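**Q** Can you keep this structure in mind? I'll have questions shortly.
Derivation of every value follows stated rules applied to the coordinates shown; laboratory data play no part. Just so we're clear, the structure is a prediction, and the values are computed from it rather than from any experiment. Using ideal geometry, Cβ is built from the backbone for each residue, glycine included, and neighbour counts are taken over all protein chains shown.
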Amino acid sequence: MKKLESNTEELIFKSAIAIFHKKGMAGARMQEIADEAGINKAMLHYYFRSKQLLFEAVFKKAFMQLAPQIHIVLNSDDALFDKIENFTDKYISFVLENRFLPTFIIQELNNNPDFAADFFSQAEFPKPTKFLIQIEEGIKNGILRSVDPKQIVVDMFSLSIFPFVGAPLLQKISNLNEVDYNQLLAERKKHITSFIINAIKK
């Protein structure tokens with residue numbers, strides 16, 4: 001019975017991600033998610049009493065899948081430039097599979113600050129300790145320009161996430177259809193890596 005419940009919950013999560021990706025939080029309906037999962041609405045409400053609770057559960061699950069990966073990348077024994085490449089690859093690949101996540105974070109910070117504050121106060125965020133030390137050592141050894149290591153971390157996240165948050169605007173400005181824009185997003189893995197490395201190395 002427990003395995004059946006676990007499989008059903010996983011099916012609900014996958015279906016919710018598909019609908020949230022297509023319709024967003026505001027446009028999604030519980031009936032659509034139930035239909036996508038192939039279950040009735042009563043069963044969906046058995047697991048999650050409301051769309052908001054389901055959305056929050058999906059967000060928590062997605063975030064807790066990404067955060068450990070980023071922590072491992074930033075604190076591995078890899079060389080600094082390899083870490084930058086691995087970060088952009090992991091981060092962008094993950095968000096391409098969870099397109100709702102960046103917009104959801106912004107929405108929740110504005111519309112549901114209590115949930116956001118509570119979640120972020122408990123969540124285990126990636127700690128870029130070793131990554132920051134490597135940048136400092138690179139500066140001391142004359143390999144890197146004199147830069148604030150924390151600015152590099154902000155740059156990596158910002159350059160990776162904004163094209164997803166600002167997708168409707170950027171897609172219009174770029175005059176790209178959805179398929180071509182998604183290709184552009186995938187290509188940013190190499191672009192961001194190259195951009196940051198060239199900006200900080202001597």
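**Q** Only one of the listed values, (i) 133; (ii) 174; (iii) 142, was derived from the coordinates as volume of the Cα convex hull per residue in Å³; which label is it?
**A** (iii)
**Q** Once you list every other residue whose beta carbon is under 15 Å from the beta carbon of SER174, what net charge do they have if Lys and Arg are +1 and Asp and Glu are -1?
**A** Net of charged neighbours comes to -1.
**Q** Also, I was wondering about something else. Quick one: which residues, 5+ away or cross-chain, put their amide H under 5 Å from the amide H of LEU144? H built at 1.01 Å from N.
**A** Excluding prolines and chain starts, which carry no amide H, the hits are ILE139, LYS202.
**Q** What are the ³J(HN,Hα) couplings of the range 86-98, residue after residue, when phi is run through the Karplus curve with 6.51, -1.76, 1.60 and θ = phi - 60°? Round to Hz, x for glycine and proline.
**A** 5, 4, 4, 5, 5, 5, 5, 4, 5, 5, 4, 8, 9
**Q** To continue, here is another question. Helix 129-140 sits at what angle to the longest principal axis of the chain, using alpha carbons and giving 0 to 90 degrees rounded to 10?
**A** On a 0 to 90 degree scale, this one is about 20.
**Q** Could you work out how far helix 149-165 tilts from the main Cα principal axis of the chain, as a 0 to 90 degree angle to the nearest 10?
**A** Tilt of helix 149-165: around 40 degrees.
**Q** With +1 assigned to the C-beta of every Lys and Arg and -1 to the C-beta of every Asp and Glu, and no other charges, what is the dipole magnitude of the chain about the Cα centre in debye, to the nearest 20? Working shown, then result.
**A** Details: 25 positive and 24 negative charges, 28 e Å.
Dipole about the Cα centre, nearest 20: 140 debye.
**Q** Angle between the Cα long axis of helix 100-111 and the longest principal axis of the chain, 0 to 90 degrees, nearest 10?
**A** Helix 100-111 sits at roughly 80 degrees to that axis.
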